[in-house]
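Trainee: Let me give you the structure first, and then I'll get to my questions.
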Amino acid sequence: MLNEQEKVVEIRGLIKSFGENHVLRNVDLDLYKGENLVVLGKSGSGKSVLIKIMVGLLKQDEGSVKIFGIDTLKLNLKELNKLRLRIGFSFQASALYDSMTVRENLEFPLVRNVKNLTRKEIDFKVEELLEAVALPNTINQMPSELSGGQKKRIGIARTLILNPEIMLYDEPTAGLDPVTCIEINNLINEVRERYKTSSIVITHDLTCAKQTGDRMAVLIKGQFKAVGTFEKVFEEATDKQVKSFYDYNFIR
Amino acid sequence: MSKIKKVDKPVLSKNLDEFFTGMAKAFAFVKRFFKEVWFPPYEFKEVLRQCYEIGYRSLPLISLTGFIIGIVFTNQSRPSLAEFGATSWLPSLISIAVVRALGPLVTALIASGKVGSSIGAEIGSMNVTEQIDAMEVSAINPFKYLVITRTLAATFMIPVLVMYTDFVALMGSYASVNANELVSLSTFFVQVFEAVSFLDIFSSVIKSLVFGFTIGIVGCYKGYNSSRGTEGVGQAANAAVVMSMFLIFVEELLIMQIVNAIRYA
Ligand SMILES: Nc1ncnc2c1ncn2[C@@H]1O[C@H](COP(=O)(O)OP(=O)(O)O)[C@@H](O)[C@H]1O
Ligand SMILES: [Mg+2]
C-alpha cells in the first residue's frame, strides 16, 4: 500500500520565527503517496504553522517545501492557487462560512473553481460528499445549528469537493468527545481509501494517532525528534521528551 | 510567558514608527481595492446582498433620527428668524442646512455606527475563525469576495440613504412648519426646491459617495487586520467606528471648503 518511492511532499531545512519566537528550527519531513502521516506535538509547538507554510498561508524564513516536486516559493499567486486546489485543508475550528448554509458552504469553492457546471452537476457533487461524511440531512442547516463533530465533517466534505490529492487535517479531533473522535478517525481512514489521498494528520491525541497514522513524526522544540511507525516511535522511544509525551497521554 | 521586553527604542520614536507603518498598511489596503475592483470575478450577488443588509440595518434608526432632526432644527431656528419677522424663510433655511450638511453627516455617522461596526465585527470574526484562510486555501480571493463587495455596497448605498434622510428630515421640518406657520405641503416644497441648487445636490452626492467608501473600507480594513482571538473582534468593530467617524469629519471639512470655493468663485 505504501509506495516508498514516490514522495508527494518534501520539506527540507524549514525555519520560521515570529520575532523572538523561534517556532520551526530546522524541519525535514517527507510525505509518501497514499500514506497517513501523523504529526504530534504539544500545543504551540508549531504544527499549524508547518501546514500553513505548506499551503502558502505563511511564508518560511528559510528552507524549502516541495509539493509534487514543485518548490512553493517559486510560484506566483496563480500557480500557487493551482497547487492549492490539489491540497485539502481541514481547519482546527472547521472554519465553515457562518453566513452560508451547509449546501452553500460546499458549493462556494466548487463553483468558483470549476467553470460551467450545471445546477444538476453541482447538486450531485454536494450530495455525494454529504453522503460520504454521513450527514446528508444537514444540507439546509446553518453552521451554528451543527455540533462540533458535524462541523468537522462538513469542513472535511468542503475540502474534498475539489478532489484534493493531499489532505491536511489540523487537529481533527480536538475538543470532541471520545466517541466522536473515533468516528472522525474512521472518516479520515475512509477518505484515504475512497479518494486515494495522502494525508498529514496533526494531533496531540495518541489514540487518534494510532488509529489513523501509518507513520508518526513528533515535533519537539521546532524539530522532528522521532519519525516512524507508532511502535518504533513510542514503544522503543529513547528520547526523553518523546517518552514523556507518550506517558503523559496515557496517564491522562 | 512573562518575558520582559527589551526597550530598544525611545517610546516616542517607537510610536511614530508604528504610526507610519500603520499608515502604509492602510494605504496599501486602499490601493489594493482600486487595483482589484476592475477585474473579474465580480461578485454581483454578494454586492446586492450587502446593499440590502446596509439599507435594512440603517433604515429604522435613520428614519427616526432624520425626522426628529427636522423638527428640532426647525423649532430651534424659529425664534431667531421670528426676531426679523422672517419665519417664512424657514423652509429655505432648513432645506439648505439639511441638504448641504445635516443629511449627509447624520446619515454617515449613524451608518458608521451600524454598518461600519458590523462589517468590522463580521470580517474580524471571519478572520479569527480562519474563514478568510479557508477561502485563500481554496483559491478564492477573500479580498474580492469580502472587502470589495462590502465597500462597493456601502459606497452605493450611503448616497441613497442620504437622499432618504434628507427627505425624512424635510418632512419633519414640514410637520413643524405646517403646525406653526400653516404652510401647505406644496408651498413648502416649492420653497425647498427654490433654495436648493444643483451644486448643493451634486456635492451632497459626491460627499455621500466619499462617506460610504470610507465606512466600507475602514470597516473591512479593521476587520481584516483584527488580532487573532475573541477580543480582536470587538476591538475591530470599535476601531472601525472611531476611525470612520474621525475620517468623515475630516472629509466633511475638506469637501465643504472645496465646494464653497466653487460656489463663490
Ligand atoms: N500569525 C502568527 N503571528 C505570530 N505568531 C504566530 C502566528 N501563528 C502562530 N504563531 C505562534 O507560533 C507558535 C506555534 O503556533 P501553532 O503552529 O499554531 O501551534 P500548534 O502546534 O498548537 O498548532 C505559537 O507560539 C504561536 O503564538
Ligand atoms: Mg494548531
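Trainee: Any chance you could check the Cα centroid distance between the range B:160-237 and the range A:49-112 for me, in angstrom?
Mentor: With the range B:160-237 and the range A:49-112 each reduced to a Cα centre, they are spaced 42 Å.
Trainee: Let me ask something else. Compute, for the range A:174-252, the length of the dipole vector about the Cα centre, with Cβ point charges of +1 (Lys, Arg) and -1 (Asp, Glu) only. Units Debye, rounded to 20.
Mentor: My answer is approximately 300 debye.
Trainee: Let me ask another. Return the subset of A:LYS225/B:LYS14; A:LYS52/B:LYS114; A:LYS82/B:LYS25; A:LYS42/B:LYS35; A:LYS120/B:LYS35; A:LYS47/A:LYS240 for which the Cα-Cα distance in this structure is over 32 Å, preserving the input order.
Mentor: Among A:LYS225/B:LYS14; A:LYS52/B:LYS114; A:LYS82/B:LYS25; A:LYS42/B:LYS35; A:LYS120/B:LYS35; A:LYS47/A:LYS240, the Cα-Cα distance tops 32 Å for A:LYS225/B:LYS14; A:LYS52/B:LYS114; A:LYS42/B:LYS35; A:LYS120/B:LYS35.
Trainee: Please quote Rg/Rh for the protein assembly as shown to two decimal places, taking the Kirkwood radius as Rh and restricting both calculations to Cα atoms.
Mentor: Radius of gyration over Kirkwood radius for the protein assembly as shown works out to 1.10.
Trainee: Moving on. If we sort B:210-216, A:82-88, A:126-132 on the protection proxy, mean other Cβ atoms within 10 Å, highest first, what's the order?
Mentor: The densest-packed peptide leads the list: B:210-216, A:82-88, A:126-132.
Trainee: From Cα pairs below 8 angstrom and at least 6 apart in sequence, can you work out the relative contact order of chain B, rounded to a whole percent?
Mentor: RCO, chain B: 30 percent.
Trainee: What does a probe at A:MET142 reach in the range B:109-146, counting residues whose amide N is under 20 Å from the point 7 Å along Cα→Cβ?
Mentor: Of the residues in the range B:109-146, B:114-132, B:146 have backbone N under 20 Å from the label point off A:MET142.
Trainee: While we're here: Select from B:SER138, B:GLY70, B:LEU161 the residue farthest towards the positive end of the dipole of the range B:51-206; place +1 on Cβ of Lys and Arg, -1 on Cβ of Asp and Glu, and compute about the Cα centre.
Mentor: Selected residue: B:GLY70.
Trainee: Right, something else. Compute the helix-to-body angle for A:148-160: its Cα long axis versus the longest principal axis of chain A, expressed 0 to 90° and rounded to tens.
Mentor: 80
Trainee: Another one. Pick out the long, greasy-scoring helices in chain B: whole DSSP H runs spanning 18 Å or more along their own axis by Cα, mean Kyte-Doolittle at least -0.5.
Mentor: Passing helices, by number: B:11-36, B:44-83, B:149-181, B:198-224, B:230-263.
Trainee: Still on this model: Residue by residue through A:107-119, how many Cβ atoms from other chains fall within 10 Å of the Cβ on average?
Mentor: 2
Trainee: For chain B, take N as its residue count and report Rg(C-alpha) divided by 2.2 N^0.38 Å.
Mentor: 1.20
Trainee: Would you mind checking which residues have amide H under 5 Å from A:LEU85's amide H? H placed 1.01 Å from N; only 5 or more apart, or other chain.
Mentor: Answer set, sorted by chain and number: none.
Trainee: Show me, bin by bin at 5 Å from 0, the whole-percent P(r) of the range A:125-252 based on Cα pairs.
Mentor: It works out to 2, 10, 20, 20, 17, 13, 8, 6, 3, 1, 0, in whole percents.
Trainee: Across peptide B:139-146, how many C-beta atoms of other chains are within 10 Å of each residue C-beta, on average?
Mentor: That works out to 3 on average.
Trainee: How large is the charge dipole for the range A:3-251, taken about the Cα centre, if only the Cβ atoms of Lys, Arg (+1) and Asp, Glu (-1) carry charge, to the nearest 20 debye?
Mentor: Around 720 debye, computed over the range A:3-251.
Trainee: Separate question: Partner chain Cβ atoms within 10 Å, averaged over the residues of A:76-83 - can you pull that number for me?
Mentor: Shielding by partners across A:76-83 averages 2.
Trainee: Okay, moving on. Which value, in debye to the nearest 20, gives the size of the charge dipole of the protein assembly as shown about its Cα centre, when Lys and Arg are +1 and Asp and Glu are -1 at the Cβ?
Mentor: For the protein assembly as shown, the charge dipole is close to 940 debye.
Trainee: Of A:PRO172, A:VAL65, A:GLY148, which is farthest along the charge dipole of the range A:3-251 in the positive direction, counting Lys and Arg as +1 and Asp and Glu as -1 at C-beta?
Mentor: My answer, from the dipole projection, is A:VAL65.
Trainee: Cα centroids of the range B:56-86 and the range A:171-210: how far apart, whole angstrom?
Mentor: 64
Trainee: Considering only DSSP beta bridges where both residues belong to chain A, give the percentage that are antiparallel (nearest 5).
Mentor: Taking every DSSP beta bridge within chain A, about 55 percent pair in antiparallel fashion.
Trainee: Now for a different question. Treating the angle as unsigned and between 0 and 90°, give the value, to the nearest 10°, between the Cα long axis of helix A:240-251 and the longest Cα principal axis of chain A.
Mentor: 50
Trainee: Would you compute, from DSSP H runs of 4+ residues alone, the mean residue ellipticity of chain A at 222 nm, taking -39500 (n - 2.57) per run and dividing by the full residue count, rounded to the nearest 500?
Mentor: Mean residue ellipticity at 222 nm (helix-derived): -11000 deg cm²/dmol.
Trainee: I'd like the FRET efficiency for B:TYR264 and A:LEU75, computed as 1/(1 + (r/R0)^6) with the beta carbon distance as r and R0 of 41 Å, rounded to 0.05.
Mentor: Using R0 = 41 Å, I get an efficiency of 0.10.
Trainee: Once you keep just the Cα pairs under 8 angstrom separated by 6 or more residues, what percentage relative contact order results for the range B:140-256?
Mentor: RCO, the range B:140-256: 35 percent.
Read-outs throughout are calculated quantities, based only on the coordinates presented, and are distinct from any laboratory measurement. Predicted, not measured: the structure shown is a model, and the values here were computed from it. Neighbour counts are summed over all protein chains in view; Cβ atoms, including those assigned to glycine, are modelled from backbone coordinates with ideal geometry.
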